[in-house]
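Participant: Before anything else, here's the structure in question.
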Amino acid sequence: MSRAAQTAVLFLLGAVLLHTGAGDTSLRYVKEGLRPLLLASGAVLIATAGATAWYARKEGRAARAPGHGAPGHSAPDDSAAQTARHATAHPAPRVSWLLLLPVLALVLVAPPALGSYSALRTGTALQRPPAFAPLPPGDPVRLGLADYAARAVYDDSRSLDGRRVRVTGFVAVGRDGTPYLVRMTLNCCAADAQPVKVALTGRVPPVLDPDGWLEVTGTATGRRAADPVNGRPVPYLEVDRARPVPAPRDPYDDGAL
């Protein structure tokens, strides 16, 4: 890989990072709080590309300097020319071209956020929280899907008794035909994402679109099942009403809808 190619690859990679971080596309892959770091990384790569281009131009001028190699030629110019020849003789390794793969993936493919395929192959990440906040007023009460699941399984005060709830998530259908409403949770990025699942019963739509988003209104039933992947509890939700909704701006922010 020549210096010119290095400059082009670094610039492209930095530009793609800036473009991805400036819009909502980045929310498919990292938490919103990491967006400033993504933008900073893009800026650093573009600055590095500019520095690489400047050094390459400087070395090229030194190599073409008049009188180079003649007696009395100054040592600094000789040093710069030797550096230019060294860079030409030892270009970056071919593996450097692999830096183009993430660029091509984001430009040509733009992978979507994780969905039902990942959710059905990963066990539920439901955990007992240290405490439960009082339910807000309203009928139905809007809850994050993870909040509903935790209350349905671990809330000894039975705060969901007699309350209708409204939750939002994407659809996944298990191998046995069980329909789930799912939200993916993550710590930093999609690489560590884990699902929280709620099984649906009652007035479930007869035709379900895997990865399609639903807003579901219903009541807790007290029924639970074991996740077929890791055996952890999966609560049920008795569906009264379900309607399709657009995917949220941030598919990993359970509090967004």
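Participant: Given Val229, Val245, Val239, which one is open to solvent by less than 20 Å² (accessible area, probe 1.4 Å) and among the β-branched types (Val, Ile, Thr)?
Facilitator: Val239
Participant: Quick check on the stretch 169-225: of everything there that is within 19 Å of the chain's Cα centre (by Cα) and in a loop (DSSP other than H, G, I, E, B), which residue is farthest from Gln127 (Cα to Cα)?
Facilitator: Gly212
Participant: Further question on the same structure: Counting only residues that are over 30 Å from Arg158 (Cα atoms) and either in contact with a Ser or Thr (Cβ under 8 Å, 6 or more places away or on another chain) or exposed (fewer than 14 other Cβ atoms within 10 Å of the Cβ) (or both), which one in the stretch 190-225 is modelled with the lowest pLDDT?
Facilitator: This residue is Ala191.
Participant: Can you say whether Ala53 is surrounded by 13 or more Cβ atoms within 10 Å (Cβ to Cβ) and either over 22 Å from the mean Cα position of the chain (by Cα) or within 16 Å of Leu186 (Cβ to Cβ) (or both), as far as the supplied structure shows?
Facilitator: Yes, satisfied.
Participant: Would you kindly identify the helices (runs of 4 or more DSSP H) lying entirely within the stretch 99-160 that contain at least 1 residues that are open to solvent by 20 Å² or more (accessible area, probe 1.4 Å), farther than 30 Å from Ala49 by Cβ and in contact (Cβ under 8 Å) with a residue 12 or more places away in the chain?
Facilitator: Helices (runs of 4 or more DSSP H) meeting the threshold: 116-120, 145-154.
The values are calculated or read from the model by the stated rules, or taken from the named source; none is laboratory data. Predicted model only: the values in this text are computed from it and were never measured. FYI the Cβ positions are ideal-geometry reconstructions off the backbone, even for glycines, and counts take in every protein chain you see. With ligands, DNA and RNA removed, areas are computed over all heavy atoms of the protein, side chains included. Shrake-Rupley method; radii C 1.70, N 1.55, O 1.52, S 1.80 Å.
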